[in-house]
Every structure is written in C-alpha cells, then in structure tokens.
Amino acid sequence: MNRPVVFQFSGQGSQYSGMGAALYETEPVFRRVMDRLDAAAADELGESVLAALYAPGRSRAEPFDDIALTHPAIVMVELAAAETLMAYGVEPDLLLGASLGEFTAAVLAGVLDAEECLRLLVRQATALRTAPRGGMLAVLDDVALHRRVPLLRERTEVAARNYPGHFVLSGSHEDLTAAEEELRARKVVCHRVPVPYAFHSRRMDSGEPLFRSVMARAELRPPRLPVVSCATGGEVDRVTVDHLWRATRLPIEYEATLAELERRGPFQYLDLGPSGTLHNFARNGLPASSRSRSLPLLGPLGDDTRSLAAVRAAVPATRPRRQTPVSKDGSMKVYGFPGQGSQAKGMGKDLFDEFPEETALADSVLGYSIRELCVEDPRRELRLTRFTQPALYVVSALAWLRERRANPEPPACFVGHSLGEYVALFAAGAFDFETGLRLVARRGELMSRADGGRMAAVLKCDLETVERALAENGLTGLDIANHNAPGQFVLAGPAELITAAKPVFEGLGAHYVQLNVSAPFHSRYLRDTAEEFGRFLEGFTLRDPAVPVIANVDARPYRPGEVARQLARQIASPVRWTDTIRYLMGQGDFAFVELGPGRVLDKLVTKIRAEAEPLAGEPLASAEAPVPEPSAAQAPVADAEPVVARAGGGPAALGAAAFRERHGLRYAYLAGSMYGGVSGADLLVRLAKAGGMGFFGTGGLSLDEIGAGLDAVRAGLGADGPYGANLLHQHADPHRESALVDLFLRKGVRTVEASGFLRITPALVRYRLSGGRVLAKVSSTDMAAAFLAPAPPAIVRELVASGQVSADDAARNADVPLADDLCVETGSGWHDAVGSLATLLPAVLRLRDAAAGRGPRVHVGAAGGIGTPEAAAAAFLLGADFLLTGSINQCTPEADTSTAVKDLLQTLDVHDVALAPAPEMFELGVRAQVVKRGVFLPARAGKLHDLWRRHNSLDAVDAATRRQIEEKFLRGPLPSAAPGGDPKRHMAEAFKTYLDRGFDLARRGEPGRTVDYLIYCGPAMGAFNSWARGTVLESWQSRHVDAVAEQLMTETAALLRDRAAAFAAL
C-alpha cells in the first residue's frame, strides 16, 4: 500500500551532542548539506556549529543546550536528513513542523532559502536570549491534571499536548522544581526537557519585538508543498511572520494535528528530527484502527545508518535516485573483473610496457618478474594458486588503469568474481595498487597451503535439485562454493565426498567434473584460513569504496566499514555470482564491460540475463565524489588505525573482531536457545538480519518439529546465514543426542550451541569432526578444560572404527580444541550454576590462554544475568569476547510463546524467579530458574523431586499424597508403569509429565492455569524491565529482538566510553 509521505520536523529539546554523526560520516549528501549550511551559519555566528556538534571526545550525554548553536544545528540536521531521503527518491507529500521544525518545513516548501533561514535563526537565537531563563517538564499523564492541581495551574503553562497521556509544562526553574515534587508525590512520571528557556509560554513574550525585527527582513514566498502546522493544527496557506511567531509562542498541538491528518489518512509518517520524538508521539497517538505507519530516521541510541536503510526499505521511492552514472546509451555502466581460472600464458603482454611504474612495483613486492610469469611462464608456475592470484590481480588492475585513461567517467559500480573483487575494490579506491597486491599475495599463499578437500563442477542442474541431492544423499559435508550461472555450480568439500557425489549427480542427468584444485576453496573448510587472513588484514588501512562494489559474500554493495570483514569472509563463503548479476538486473538496464584476461564473465552475465529473474534490493549509492586517482602506492599515514570490522567504533566494535568475522556478524551478540522452540525461526531470522545470531531451541521438541523449524530458518536466511541450533546433552537418552547430530548434519547446521554437557560424548565429537562448529556453554572450569582440549582419543578411535568419522577428519582435528568458542554461563534461566561471572569468566580466560596452541583462537563469551547495559559492560570489562542473552528474548514479539507469558514476564522484578527441577536432567538433580510470581509450579515441582528422591516407586508414596498430585498437580491420573520396568525410573518419568505439561500450558497461554505455568527465566528479565521502564522498550510489543540487541549494545558502548573517560585520570 503506497501511503502519502509526511516529513515531520521537531524543535528544541530533541537535540544532543553528535546528532546525525553516523550519516555525516557515511552519506555524502547529508555531509554536503551540513557543510554548506554550517558555512552559512558560521558567517552570522562567527564560529562553526559543526565544530561544536561533532567535537572530538564529546559524548552524547554531555549537555548541548546553547541556543545560539542548537537553534541552527537542529534545522541543519533536519534539512540534511530530508535532502538525503530525497536523493534516494523518497519525496514528501506533506511537511509537518512542530515549533522550530516549522522553519525546516518552510525551507523545504520553498518559503525561504536554507542559507537565509540559518542566518535568521542565529539572529533569532540572539533575540531569544533576552527572554528570562526557565525550562520545560514532560509529564506522562492526562493533560487534565494541569487543571486539577492548583500548583500546576497557577505556576506553570501547558506548552505542548503530544498524545493522550503526554504533555509538556513550561515555567521558571523554581516553579518546575516545585511541579516535579508535586508530581512525584502523586507518583506521576515526569522528566526535564533539555532546554534552557520556557518555550511556548508567556516567558517568551519579551523576545517578540526582536523576533519580529529579525524576521521583517525575510522574503517569505508561498509554499510549493502543503505545510501542516502544530501551532494551528492544520494546513497553512501562507507562512507569514505572524505565523512563525505563533509557532514559537503558542502551545504545540501535536495530538490535535495528528487527529486532523488522520481524518484524511492513512499516511506514512517519517520523523526527520534528531531524536525520533515525533515518531514516538505518532506511534502512541495513532488509533489502533489506523492504517498509517511511522518510522524515525535519527535517534540518540540507535544506529542511524540502519534506520536509513529501514526507511528506504519501507517507503517506495517516488522517483529514481539522482546521479546514477550511465553509459552513452542510457544504461548503467558496470565494470567486472575475473577470478582464478581466467589466467593464460601471454596475458598482459601489451600492458607491462604501458605501466612501467606499477610493473616495477609488482616485481619488488613479489620478488620475481611479473612480466616473465605472465608472458613466458618458464617454470609452469602460472597454474599454481600462490602465483596465479597476484598475476591475475596485476593484469586486471593494469587493464582498469588503461580503461580509466580512455573513459574517465566513473561507472555505476564494480564487480569481481572471487579474486576479481580485489581489483574491483582497488578501482573503487578502497586501497592503492601496492596494498591490493600485498593482500592478494598473502591470500594466494594462505590458500595454496590449504588442503583436505577438492572441488567439482555441476552443470545442467538447478539450485533446488543440487541442495536436495546433497541433503538426501548424506552429502551435507559438501558446500556450494560457487553459483556461477543458472545450472552452473561448484561444490567443495572432503575428497571422499566429492568422489561419492559423482554418481549421484550423474544419475540426475547432470554433467559432473572434478576440478584440479588443491583444496575446497570458498567453503567451511577454509575457515581457519579466513581467520588467519583476517588477522593479516588488521595491519592495513582500508577505506570504504568511493563507487559501489558488489560483494561476493552477500551479493549486495559494501556497507561502511565492511571491507576487511567481507574480504576475510569471502575465503570461506560461496561466490554468489548469479545473485550479483540478478541484483544488478534489479537496478535497471546495465552495460557490462569485462576487464582482464579472457571473457568468462561476459558469457556468464549473458546466460544469467537470459535465464534468471531480477533480484530486488536497495538502490546503488550514487557517485557523489569522483573515484580517487589510483596510485601505485600511497604514503603511510602515521599511527593510522586499521579499518577492520569496527564500523567506526560504537556498539559494533564491542567484543572480539575475530569472533564477529568468524560468524559473519555485525555485533558480538548472540541470543541463546530457548527450550521448546521458543527461540524459533522468526526470532533467529530477524536477529540475523540485524547483525546478530541466535540458536534454535530444540529441547522438548520432536525431531520432525526441529527439522521443520530449521527449514524455516534456512528459508529466511539461506544456507550460509548466521544461525545455529541447540545440542542439549541427553544424559538419559544418548540415542536422541545422536539423532540430533544426524539431523543437524543432514540439514547443514554449521554451528551448535552445546549446553548442559557434564562429559564429552561421542555424538558431540562426531559433529565436531564432521566439520561442524561448536559453541560450548560451560559453568565450571573442568568442563571448560574439556572443551579446550582436543576430542578424547578413545572416543575418536571408536568413531573411526565404526565408520562414523573418517580417518582423515580425525587426523586433521587431532590437535584442535573440541570447541570453537566457549560461553561462560552463570545465573541464567537454564540452571543453577555455582559461582558468578566475576569469578568464573577470568578463570576460564586463563585456561584458554594457557591451552592456546595450533588452530584459531577460542573465543570466550559471557551469559547469565545480562539484561542491562551495566551487566553487559561488566562482562566486556571482565574480558568477554561476546555476549549471549537469554531470558530477555523470551519477552519479544518474535518469541514463540503465548501473550500470557509475555504479559507476565513484562511485570517481573529481579527477585521474581525461583529454582525448579530441570526435566531433561531430573534424575541428576539439576535445577532451572523459573518464574515464581503468581505461579505454584516451582514449589510443586520441588515437592515432586523430593518425593522421587525419598521413594523408590510410586507405590511407596502414600495415597493422600498421590491423590493430591493427581487432583491438584496433574489434574488427571498418574501414568501406569510398564511391566518389568524400573519403578524408580517410571516415577521420574511420571513426575516429569507435570513439568512438560506446565511448559505446554504456558506456551499455549492456557486460561485459568497460570499457577501451573513453567516459564524458564532468570533474574535478567527483571533487571531488563527496570532498565526499560519509561522508554520505548517498556511494552513487550515494542521489544523486537533486534531492537533489544541494538539498544543494549549501543547503551553498553556509551556506558563504557563514559566510564573510561571517568577513569582516564588513573
């Protein structure tokens, strides 16, 4: 549904230090507008607004309330935000202004010029400084309270009516202090607005003459777009000085204005103010039946670049984005560079003399003659990976330099196939010629050392058939390494599986060719190589491409700060060439020019265009600046920080960069599995798309239910998406544990969350040696030590002897730790581990460091009790490489449990949990933390476990107690024992039915059975509720799992910065 778009602009009180900084760094249009307007403001002000707004080292928490700066700054940010959206083709149909935001609306409507507006605002701020000082107070209650309470009525004025249950008061500091005390005594929530004046009250009247004098010089033209005013509650036919004074002096009537608009709606409201204030008002003010929608663009806590992407995804562009480079025939110009396999003796023969400087530099870097290798190849080295890759890079890079001389107009984008992506990044200015060559030389060296597998081409077979053949024939150890064109794939994996796949695909009528390569490139088996290359990348300064480059990993343009992370991932990820071209097809017509040896890509592009459908995706960014002139080498920048997967610092820089790269994440943030599939497909997919990772909860589900859930996750994220599944230790049922591993291997689950393990089991070892990644949750140093050691030799020998694991796989992992990552878990909603994070995490970190040996680093994360920024910050300060949250994710819209459970969880305090027997480990006495508020289950389950411990059979329990269990606990008869069975075991199974039934009652939200709900939950839930109170996350309906993750990580980063500054003197 295409709704008319309303751009909304807020005023004073929405500002903060650093507002819009992320867009200033990443969006050329935003930066260009801000710079232009800052120059206009500085002419009048005598200083730079931007210098104060983006002052180095200034935190968002520091006051930014000098009206001489904030008045122009707010409008500058709003105008830059609007211009940015319009550059992407998102145009407004109406402009809504509130207070100072009416000036922004007036500029965009053509009433006055932006530069003139800024000069007037600076003068206006000077005029307003003559007004008495004061403040404003936001109140969360009905505005009728102002009339009913004499102190409020007599000493303050209503300055704004925002939505039912929210209004703002203005007054002197003394009067507002008295009002705060009165309101808090009545238990009414209120908070100060960060402004130094009593705007929209009679205390502003003394500034009116100067205001009118300043504005009298302005030429105000009729609006070209409809302007809606929160001073009048409707459209304004003509913006006059009188109107602008009313907008400054009269109360803000947002509630009435929104109601008036809704009579004409529905609309798509876009809040372009600094804090998302009007978005919050709209969301709370819109009736439940409204079909209107609201989105913010900026905010002090979120990631503005992600908000921009969300707006662009949700709001259709009304016209194409401006300034996309095109070729002479009107189509987009795209340059492509080939990868390994395109090399041929004689390549580059006509280029080396044309570019002697680059040729000599290549000889110096490589230590041999690049001309001799490419043209003569006397030692037949051109076919070897460590020589092929730098040779292809040099020849393709020189071909680009020649093309640039002949056609200097920048293209719409660059693409490269595997190795060719490095040439694309060089051409786009991400690094200079020498840096690219050094990266490629190291990449070739590392990949040439890899072994343990092979590759094969599959032709004349579609993607669905390939995936089904792998899944149904025990070939999930093979990865699709390249999707080159419809019906053209390359598989990679262990040599024996490559051989075993040949008859399978030939039986399907496909053409199957085993390739003469030394290793399974672009597959999971090169993860160690990818991680080593990632560490090498940390020594280089890599820039964001000046022209879009489509990444092989996800067939999308590189985003800011992603170059190092994507290049490291590329080694162990499939080359999605088909989707790359389909993405370009979705952007419109394009002219493809292949640069480099051969014409392999030309043929693939022709085939894809003929046989595949376009792929929808975000628009290409335009070339706002010319492509930097490529140079042979650039002088090093002193003390330059390498641009790796840090996204410029902030929440994306928390934790270990290598951990994020290993799992392909933006944040070092995981959502742990939740029993019974509560952490299901919706939760995992939403979190993964935001840059985190979750684990599917398998406990308590049948294998069919687990399989269906995993299929849903894979459908949402693809085979290579960042997700995992829980491998729960089955003490009493090892056959189920083994069946789970079989299922995971069939379904291509790359990572498991191993939990509850009290010993290392054959099933766990089999998964690890079959190429799976293990993240092990541990609550003791002895289990941590077990996971840090290689798989027990005795178990490995048994698995090899039984044919469940190959001898090659066993040998390759003989010295490799059983776990890729450890997660120290205490105080969680799963079990009652002894100790605390402060004692156990440092101990496990020391164990990890002492055990470090061959292979990639084992990362150690933290879980349990993490529901606030303070708890998360403490974990990172203790040395955690990542966080894993649990209970707080159960109270999100995506959690697969009942609204009754979520309503209850939202009310919990820290102390509202208790311990109850864990059904999976009932006989071992392991207990889990569960909700006790309004629930009898913890006490009843504890009684059942005590009965089991004291008696050897149900027959030994007295009749009255049995009757109580049947009538009050189970509400039905106890199950009968099987003849000849173990009576003690039967009693345990009978009592566990109460726990299983309690979980089912809770998940379904069975009315009238709340007292028997089993809800796994730790104290972090109560802590989270306390932190979220009074914020947008207070209601569970707003606690989307990605919003929780981003808010928690953002505030954690801010807290750590502030605490670091406080302790800097030490």
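All of the numbers you see were taken from the coordinates with simple rules; none came from a lab. Note that the structure is predicted; figures quoted are calculated from it, not measured. Counting neighbours? That spans all protein chains shown, and the Cβs are built from the backbone with ideal geometry, glycine included.
Listed values for region 728-744 are Karplus-derived 3J(HN,Hα) couplings in whole Hz (6.51 cos²θ - 1.76 cosθ + 1.60, θ = phi - 60°), namely 8, 4, 10, 4, 8, 9, x, 5, 5, 4, 5, 5, 4, 4, 4, 5, 4, and x replaces Gly and Pro.
Contact order, relative form, for the chain: 8 percent (alpha carbon pairs under 8 Å, 6 or more residues apart, mean separation divided by residue count).
In terms of overall dimensions, the C-alpha atoms belonging to region 134-195 reach 26, 22, 18 Å along their principal axes, ordered largest to smallest. Considering region 664-885, its Cα convex hull presents a mean projected area of 11.5 nm². Panel order for 275, 702, by other beta carbons found within 10 Å of each beta carbon, from fewest to most: 702, 275. Across region 111-118, rounded Karplus estimates of 3J(HN,Hα) from the backbone phi angles (6.51 cos²θ - 1.76 cosθ + 1.60, θ = phi - 60°) give 5, 8, 6, 4, 5, 5, 4, 5 Hz, Gly and Pro being marked x. Measuring against 24 Å, Cα to Cα, the residue pairs 603/689; 943/992; 603/747; 932/968; 747/902 contain 603/689; 603/747; 747/902 as the ones spanning a longer distance. Maximal additional length on extending the residue 798-residue 915 stretch stands at 38.3 nm, based on 0.36 nm per residue less the C-alpha distance. Residue exposure proxy: 823, 891, ordered by other Cβ atoms within 10 angstrom of their Cβ from fewest to most, comes out as 891, 823.
Three semi-axes describe the equivalent ellipsoid of region 3-160; taken as square roots of 5 times the Cα gyration tensor eigenvalues and ordered largest first, they are 29, 20, 16 Å.
Taking label positions 7 Å along the Cα-Cβ direction at both residue 59 and residue 511, the computed distance is 6.4 nm, reported to one decimal. Per-residue ellipticity at 222 nm computed for the chain from its helices equals -13000 deg cm²/dmol, with DSSP H segments shorter than 4 residues left out and the rest contributing -39,500 (n - 2.57).
Note: the chain, Cα convex hull, 198 Å³ per residue. Close amide-amide hydrogen proximity is noted between residue 234 and 229, each under 5 Å apart and 5 or more residues distant or on a separate chain (H modeled in the peptide plane; Pro and chain starts excluded). Among 191, 945, the order by Cβ neighbours within 10 angstrom, fewest to most, reads 191, 945.
Tell me, what is the percent relative contact order of region 899-1047, built from C-alpha pairs under 8 Å that lie six or more residues apart? The normalised contact order for region 899-1047 reaches 35 percent. Stretched out straight at 0.36 nm per residue, the stretch from residue 950 to residue 383 would grow longer than its current Cα-Cα span by 196.8 nm.
In a DSSP loop and with at most 12 other Cβ atoms within 10 Å, the chymotrypsin sites (Phe, Trp or Tyr not before Pro) in region 999-1066 are 1063. The 3J(HN,Hα) values that the Karplus relation (6.51, -1.76, 1.60; θ = phi - 60°) gives for region 352-366 are, in residue order, 5, 5, 6, 10, x, 5, 5, 5, 5, 5, 4, 4, 5, 5, 7 Hz. Gly and Pro appear as x. At most 16 other Cβ atoms within 10 Å and a DSSP loop assignment: could you name the trypsin sites (Lys or Arg not before Pro) in region 675-762 that fit? For trypsin sites (Lys or Arg not before Pro) across region 675-762 that sit outside H, G, I, E and B with at most 16 neighbouring Cβ atoms in 10 Å, the list reads 759. Close amide H contacts of residue 549 (hydrogens built in the peptide plane, cut-off under 5 Å, sequence separation of 5 or more or a different chain): 414, 558.
Maximal additional length on extending the residue 202-residue 310 stretch stands at 34.8 nm, based on 0.36 nm per residue less the C-alpha distance. Spin-label model, residue 603 to residue 142: label points 7 Å out along the Cα-to-beta-carbon direction sit 7.8 nm apart.
Given region 46-135 reduced to its alpha-carbon atoms as identical point scatterers, what log10 I(q)/I(0) does the Debye formula return at q = 0.18, 0.20, 0.21, 0.25 Å⁻¹? For region 46-135 at q = 0.18, 0.20, 0.21, 0.25 Å⁻¹, log10 I(q)/I(0) is -0.91, -1.06, -1.13, -1.33. Computed from the C-beta positions of residue 39 and residue 66, the FRET efficiency with R₀ = 25 Å rounds to 0.80.
The local environment of residue 164, defined by Cβ-Cβ distances under 14 Å, has a net charge of -3 under the rule Lys, Arg +1 and Asp, Glu -1.
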